[in-house]
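The values are calculated or read from the model by the stated rules, or taken from the named source; none is laboratory data. Remember, predicted model here, so these are calculated numbers, not experimental data. Ideal geometry is used to build each Cβ from the backbone, glycine not excepted, and the neighbour counts take in all protein chains shown. SASA here: full protein model, heavy atoms, side chains in, ligands and nucleic acids out. Shrake-Rupley method; radii C 1.70, N 1.55, O 1.52, S 1.80 Å.
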Amino acid sequence: MLYDVMDAAQDFGVSATHYLQTNYQDAQGLFLWVSWAADLRNTFFIFFPLWFHLRPSVGIKLIWVAVIGDWLNLVFKWILFGERPYWWVHETPYYANTARPHIEQYPMTCETGPGSPSGHAMGAAGVYYTLVTSILAIVNSKKKHGVKKSTKKGWYMKAVLWTLFWGVQVCVCFSRVFIAAHFPHQVIAGVITGMIVAEAFNRTQWIYSASMKNYLYITLFLTSFAVGFYLLLKVVGVDLLWTLEKAQRWCVRADWVHLDSTPFASLLRNMGTLFGLGLGLHSPLYTETKKSSSTVVKTLYVISSLFLLHLFDSVKPPTHTAALFYLLSFCKSAAVPLATVSIIPYCVNRALSIQNKKSV
């Protein structure tokens, strides 16, 4: 009975993908761009540097929501064994007596992990929910401190922000279904779980004062739990990397199957980011630079971080050896928040102080 329900839901999903690809082919560029924009990499390389230097607490919360949300997404995927449309349509016996629907594939289609819930939808929901609620909290705090705004303007801002939030979620969901990476029920599950994770961190305060030991122990625990869970099931005959073979078999182009979309690449990327944030926040360089509150200096921090991280992101770890790729991915991910929080601001301050001395 359960299999019949799942087959019906997945058949509906394939039909939805086929419908979107047939009737909205002209929007292919937009759908692909939305999938790219919803990747958590943009949270780490764009949203975090921007918000951390403007409002550190928001930047810190963004990292925690993104990292813990993606870690939970990995665990859920390993538990739920979700199929993906681009391989399910070829393997299922559901179409034994009818013609299999034809669905196109794109460079971002061939994700190598299980499909449920959608990581892109979960990440986008968590990140944008955090941004919307943080902005509204900042506005409300200004009201309490005497910066008055009319009730009507406050309502307009709330309406605009939540409309934008849901607009983003709808676009991400349609994008993931369009490229045949997910079924509709998987993206809906992703949005719901992402919002739950973000709301949980809205009610969590200890992350802003977490010690370096906290960051180290949490990174070790999350990594050990995921690896231990994988090894335990492998011992009893369950291979949690069962999707790799499916991706390699059914993807129309071998170069569309990327090592950085594998479950362990995601795990180490996230753990590196969390550990790097801890290193940055507890670096002597950060202690020295966080005293500066000048708007001009903060603007320089933001511009420098966005520019240098963009250059850094273009450097890709070699993929010929999986173990080396995973190690370098961890180190690269750790370097992003470390550089954003402490190294880049310190260098900017040093450059400004040298310039000031020359001008005296």
| task | Name the single residue, out of those in the range 31-55 being among the polar types (S, T, N, Q) and either in contact (Cβ under 8 Å) with a residue 12 or more places away in the chain or touching a Phe, Trp or Tyr at 6+ places or on another chain (Cβ under 6 Å) (or both), that is farthest from LEU308 (Cα to Cα). | result | SER35
| Between a first residue in the range 259-283 that is under 16 Å from ILE343 (Cα atoms) and a second residue that is surrounded by fewer than 22 Cβ atoms within 10 Å (Cβ to Cβ) and at pLDDT below 95, which pairs have beta carbons less than 7 Å apart while being 6 or more apart in sequence or on different chains? | GLY280/TYR286
| message | Quick check on VAL14: is it open to solvent by less than 10 Å² (accessible area, probe 1.4 Å) and in a helix (DSSP H, G or I)? | response | yes
| message | I'm told ALA121 meets every condition in (1) open to solvent by 60 Å² or more (accessible area, probe 1.4 Å); (2) assigned to a helix (DSSP H, G or I) except one. Can you identify the failing condition by its number? | response | (1)
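Across the range 309-338, what is the number of residues that are assigned to a helix (DSSP H, G or I) and either loosely packed, with under 12 Cβ neighbours inside 10 Å or under 20 Å from the mean Cα position of the chain (by Cα) (or both)?
Restricting attention to the range 309-338, the residues satisfying the condition of being assigned to a helix (DSSP H, G or I) are 309-313, 322-338.
Now narrow it down to the ones that are either loosely packed, with under 12 Cβ neighbours inside 10 Å or under 20 Å from the mean Cα position of the chain (by Cα) (or both): 309-313, 323, 325-338.
Residues in the range 309-338 being assigned to a helix (DSSP H, G or I) and either loosely packed, with under 12 Cβ neighbours inside 10 Å or under 20 Å from the mean Cα position of the chain (by Cα) (or both): 20 in total.
Would you mind finding the one in ILE179, ILE196, ILE138, ILE207 that is free of Cβ contacts under 8 Å to residues at least 40 places away in the same chain and either of a type in the set (A, V, I, L, M, F, W, C) or in contact with a strand residue (DSSP E or B) (Cβ under 8 Å, 6 or more places away or on another chain) (or both)?
Answer to the check: ILE196.
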| field | Flag if TYR128 is open to solvent by 40 Å² or more (accessible area, probe 1.4 Å) and either on the phi < 0 side of the Ramachandran plot or more than 24 Å from the chain's Cα centre (by Cα) (or both) | value | yes
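Can you tell me which residues in the range 38-55 are farther than 16 Å from ASP70 by Cβ and part of a helix (DSSP H, G or I)? Give the derivation first.
As a first pass, look at the range 38-55 and keep what is farther than 16 Å from ASP70 by Cβ: 46, 49-55.
Answer for the range 38-55, where residues must be farther than 16 Å from ASP70 by Cβ and part of a helix (DSSP H, G or I): ILE46, PRO49, LEU50, TRP51, PHE52, HIS53, LEU54.
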| task | With the checklist (1) more than 19 Å from VAL67 (Cβ to Cβ); (2) open to solvent by 60 Å² or more (accessible area, probe 1.4 Å) in hand, flag the one item SER304 doesn't pass. | result | (2)
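Take the residues of the range 35-59 that are of a type in the set (A, V, I, L, M) and surrounded by 23 or more Cβ atoms within 10 Å (Cβ to Cβ): which is farthest from the chain's Cα centre (by Cα)? Let's see the steps before the verdict.
Restricting attention to the range 35-59, the residues satisfying the condition of being of a type in the set (A, V, I, L, M) are 37-38, 40, 46, 50, 54, 58.
Imposing the further condition that a residue be surrounded by 23 or more Cβ atoms within 10 Å (Cβ to Cβ) reduces the set to 38, 40.
Values: ALA38: 7, LEU40: 2 Å.
The residue in question is ALA38.
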| said: Which residue is modelled with the lowest pLDDT, if the candidates are limited to the range 339-360 and must be open to solvent by 60 Å² or more (accessible area, probe 1.4 Å) and touching a Leu at 6+ places or on another chain (Cβ under 7 Å)? | reply: TYR346
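Across the range 17-26, what is the number of residues that are loosely packed, with under 15 Cβ neighbours inside 10 Å and either in a helix (DSSP H, G or I) or of a type in the set (A, V, I, L, M, F, W, C) (or both)? If you could, list the steps in order and put the result at the bottom.
Just the residues of the range 17-26 that are loosely packed, with under 15 Cβ neighbours inside 10 Å, to begin with: 19, 22-26.
Then drop every residue that is not either in a helix (DSSP H, G or I) or of a type in the set (A, V, I, L, M, F, W, C) (or both), which leaves 19, 22-23, 25-26.
Looking only at that region, the number is 5.
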| note | Apart from one, (1) open to solvent by 60 Å² or more (accessible area, probe 1.4 Å); (2) under 30 Å from GLY272 (Cβ atoms) all hold for GLU104; the odd one out is (2)
| remark: When LEU62 is run through (1) open to solvent by less than 10 Å² (accessible area, probe 1.4 Å); (2) more than 18 Å from the chain's Cα centre (by Cα); (3) closer than 26 Å to LEU131 by Cα, the failure sits at (2)
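Select from the range 153-201 the residues that are charged (D, E, K, R) and at pLDDT below 95 and list them in ascending order.
Here is the first cut: in the range 153-201, the residues charged (D, E, K, R) are 153, 158, 176, 199.
Scanning the range 153-201 gives LYS153, LYS158.
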| remark: Conditions (1) under 18 Å from ILE63 (Cβ atoms); (2) surrounded by 14 or more Cβ atoms within 10 Å (Cβ to Cβ) -> ILE179 fails only (1)
